[in-house]
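What follows draws every value from the coordinates through simple rules; no lab data is involved. What you see is a predicted model; the values in this text were computed from it and never measured. No Cβ is skipped: glycine too gets one built from the backbone with ideal geometry, and neighbour counts run over all protein chains shown.
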Amino acid sequence: MIISVASGKGGTGKTTVATNLARALNTQVTFLDCDVEEPNAHLFLNPKIKESRDVFTFLPKIDEKQCDQCGECRDICRFGAIATVGKTVLLFPELCHSCGGCFAVCPQKCISEDKRLLGTIDSGTAGKIEFHHGILRVGEAMSPPLIKRLRKDHQKGETIIIDAPPGTSCPVIAAMHETHFIVLVTEPTPFGLHDLKLAHETVKQLEIPCGVVINRANLGDHSVQEYAYSNNLPILLEIPFSKHIAELYSRGILLVEAEPEWTATFQELFRTIINCAELERSKA
Ligand code: SF4
Ligand code: SF4
């Protein structure tokens with residue numbers, strides 16, 4: 001069972017839900033922090049990192065001596081990563097999506113394979129949790145290839161929990177792709193509702209069953225609940241706002257560790273997720 005925990009915007013409690021869920025299960029869990037631009041699940045799970053490895057992506061390298069400036073590489077590059085100025089072919093590495101198109105079309109075969117550092121993947125353990133997170137290199141704009149590598153290299157495990165990046169763009173899709181259930185974490189405010197709608201639309205496109213966790217549920221209004229009811233979106237859990245919970249978060253302490261009664265709540269959340277996923281599967 002692969003569960004993604006996502007949110008339409010940052011700061012809604014996505015990592016709180018993902019990390020507490022992983023810890024509450026008290027069983028072998030693989031945890032992937034795919035929020036590679038700002039991973040922070042390790043602050044709560046405190047894994048012992050045993051391995052750190054660099055991840056690279058393909059980058060074309062043009063041999064100017066053999067190049068006849070035909071411009072075919074520029075024409076095929078739909079990301080504008082190659083330009084020609086007079087007799088010079090310019091490559092803009094930060095725009096390159098590593099598609100390999102220029103490499104394939106060059107008639108002179110003067111483009112070779114170089115590589116660009118995307119970031120690192122750290123792996124370790126946090127009790128029964130097998131922990132992995134990606135850290136995007138500072139200045140690197142392309143996070144999806146690093147997220148895809150993190151997903152691809154760590155697909156094994158009966159239960160995989162993914163802390164997805166916030167938002168609804170390519171990095172989120174890369175993290176949520178081919179998962180069995182998506183937990184959308186939101187808060188009951190106009191901003192929360194707006195971003196929930198965007199995230200829900202994205203999830204519908206992916207055709208993955210999903211449900212909502214409402215964080216700080218006793219603040220704001222009821223518009224998120226009303227949206228969920230009218231869109232057949234199950235409300236999986238409501239976490240109330242409390243100064244104590246906020247303080248625990250600010251100190252990097254898991255709710256289930258500070259207040260053990262939350263363990264049963266997150267275990268119940270897991271059972272609800274499984275039931276919802278099975279229900280959706282039976283309808284398909
Ligand atoms: S690999 Fe693809 S994205 Fe990168 S420069 Fe070549 S054509 Fe453009
Ligand atoms: S396709 Fe090859 S030969 Fe043509 S401009 Fe690009 S690098 Fe030069």
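Once the convex hull of the alpha carbons of the range 25-74 is built, what does its volume come to per residue, in cubic angstrom? Spell out each step's value before the answer.
Details: hull volume 8.5 nm³, N = 50.
In the range 25-74, the Cα hull volume divided by residue count equals 171 Å³.
Over the C-alpha trace of the chain, radius of gyration and Dmax come out as 21.8, 70 angstrom. In this calculation the C-beta distance from Leu90 to Glu38 is compared with R0 = 25 Å, giving a FRET efficiency of 0.20. Multiplying each eigenvalue of the alpha-carbon gyration tensor of the range 58-117 by 5 and taking the square root yields semi-axes of 16, 12, 11 Å, largest first, rounded to whole angstroms. Among beta bridges from DSSP that stay inside the chain, the antiparallel ones total about 50%.
Could you list Val212, Val89, Val5, Val105 so that the one with the fewest beta carbons within 10 Å of its beta carbon is first and the one with the most is last? Before the final figure, lay out the partial values.
Working: Val212 24, Val89 21, Val5 29, Val105 14.
The order, fewest Cβ neighbours first, is Val105, Val89, Val212, Val5.
Shape annotation for the range 95-149: C-alpha extents along the principal axes are 55, 21, 15 Å, from largest to smallest. Shown here: the range 186-281, whose C-alpha atoms stretch 37, 31, 19 Å along the first, second and third principal axes, sorted largest to smallest.
Could you pull out the pairs from Lys9/Lys152; Lys48/Lys204; Lys14/Lys283; Lys14/Lys115 whose alpha carbons sit more than 30 Å apart here?
Details: Lys9/Lys152 25 Å; Lys48/Lys204 37 Å; Lys14/Lys283 28 Å; Lys14/Lys115 33 Å.
Over 30 Å apart, Cα to Cα: Lys48/Lys204; Lys14/Lys115.
Any idea what the relative contact order of the chain is, in percent, if you count C-alpha pairs under 8 Å spaced at least 6 apart? Can you show the working numbers first?
Numbers: 553 pairs, mean separation 76.7, N = 284.
Contact order relative to length: 27 percent.
Alpha-carbon geometry of the range 45-185: the Rg and the Dmax are 18.8, 60 Å, given in that order.
Site pair Ile49 and Lys156 shows an inter-label distance of 2.3 nm when each label is modelled 7 Å from Cα along Cα→Cβ. Given R₀ = 35 Å, FRET efficiency for Asp221-Ile274 by Cβ-Cβ distance, to 0.05? That pair, Asp221 with Ile274, gives E of 0.70.
Could you tell me which GluC sites (Glu not before Pro) in the range 186-265 are loop residues by DSSP with no more than 10 other beta carbons within 10 angstrom of their beta carbon? Let's see the in-between values first.
Values: sites: Glu201, Glu207, Glu226, Glu238, Glu247, Glu257, Glu261; in loops: Glu207.
Within the range 186-265, the qualifying GluC sites (Glu not before Pro) (loop, at most 10 other Cβ atoms within 10 Å) are Glu207.
Kindly state, to the nearest 0.05, the FRET efficiency for Ser250 paired with Glu178, given R0 = 25 Å and r defined as their beta-carbon distance. For Ser250 and Glu178, the calculated efficiency is 0.15.
P(r) tail for the range 195-237, what percent of Cα pairs lie past 14 Å?
Percentage above 14 Å: 47.
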